[in-house]
Amino acid sequence: MDTAPNAAADPVAPPAAEPVKPCELHVWPTENYLGIKMGLLSGFGVVGAVADHAANKKGVTNVKSLMRDYLGPDVQLAELEQLDYMGKLELPRDQYRVVMHEPTPWNEDLKNNPELKAKVKELNRKIKAGERVTDSTNPCYAELITTHIFYHKAMMYGSNLFTGWSYRRFDGNRLVAQNAGQVKNPLEHFPPRDETMVEAAKAELRDAYAKDFVEWVQKKSGV
C-alpha cells in the first residue's frame, strides 16, 4: 500500500544568514608599475645619467610590461590573501567586510586623461588632509592602498622590487593609525633571460611582493 506524504513534516530550515560585520576595510591594488635600470654611465653626472637612461629605455619598458603580466591586480590580491594580510594588519576577519576598489592607475595614464588626473589629485588631497578616500560613513573603517610597484636595477646594488602602500584606520572621523612607505626585496631571476626562466621569474616576483608587504607591516605600517 502506498504511503501518503506526511503533510506535517518539518519544513527545510533556511540557510543561516551571514553575520553582519560592523567594520569595513577598503582595498586598492595597483596598476602603477615603475622601473629604472642604472648602468655604469650613471656614475658620470647628469650627462652620463641621461645617456644611461636612453640606453636602457627599451629594457625598462619591457620590465614594466612583464610586471603587469606577472603581478597584475588579481595576483596582488591573491598573494595578500595567501599571507593573511588582514591578520598581519590586526584586523579581525569576523568584524571586517572587505570592499575592493579599482587599482590605482599608472602614472603615465594621467598625462592625457584630465579626469583621471583630477581623481588622483583629489585622492591625494584627502589622504594629506586626513580624510577618508571613500564616501563611507561606517564608524569602524580602514583603507589599504597599494601605491606603486617599482623595479630598480643598479650596477652597485643589483635588482630589487620596491612596493609602496598607504594604510589608514579610522574610529569615526578620527584617524587613529596611518603610514605610507615602501619596502624592497632583492631579485635574481626577474626579468627572465629566456623562456626557461619565466616560471622562476614569476614566482620570484610574487614572492618579493609578498615579502615587501610583510616587512612593511612590521616596519612601517603603524599597526
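No lab work stands behind these numbers, since they all come straight from the coordinates. Note that the structure is a prediction, hence the values are computed from the model and not measured. Glycine gets a Cβ as well: all are built from the backbone with ideal geometry, and neighbour counts include every protein chain shown.
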Exercise for the section: Between beta-carbons, use under 14 Å as the cut-off and find the net charge around residue 133, counting Lys and Arg +1, Asp and Glu -1. Expected result: +2
Handout entry: Approximate spin-label separation residue 117-residue 194, in nm, with each point projected 7 Å along Cα-to-Cβ
Key = 4.5 nm
Fill in the blank from the handout: Quick calc, the range 184-223, dipole around Cα centre from Cβ unit charges on Lys, Arg (+) and Asp, Glu (-), nearest 20 debye, gives 320 debye
Problem - Whole-number percent relative contact order across the range 90-179, with pairs defined as alpha carbons under 8 Å at least 6 apart - result: 21 percent
Exercise for the section: Report the charge-dipole magnitude of the range 79-120 in Debye, nearest 20, computed about the Cα centre from +1 at each Lys and Arg Cβ and -1 at each Asp and Glu Cβ. Expected result: 200 debye
Practice task
Could you tell me which of 67, 134, 123 has its Cα farthest along the dipole of the range 67-168 towards the positive end, charges placed at Cβ (Lys, Arg +1; Asp, Glu -1), taken about the Cα centre?
Solution key: 123
Practice task
Return the FRET efficiency for the residue pair residue 180, residue 154: r is the Cβ-Cβ distance, R0 is 30 Å, and the value is rounded to the nearest 0.05.
Solution key: 0.80
Exercise for the section: Rank-order 192-198, 105-111 by packing density, defined as the average count of other C-beta atoms within 10 Å over each peptide's residues, highest first. Expected result: 105-111, 192-198
Problem - Two-decimal Rg/Rh across the range 76-161, once Rg and the Kirkwood Rh are taken from alpha-carbon atoms - result: 1.03
Problem - Spatially close lysines, pair count over the range 127-223: Cα under 25 Å, gap of eight or more or interchain - result: 15
Handout entry: Listed residues 158, 217, 173: farthest to the positive end of the dipole of the range 152-223 (Cβ charges)
Key = 173
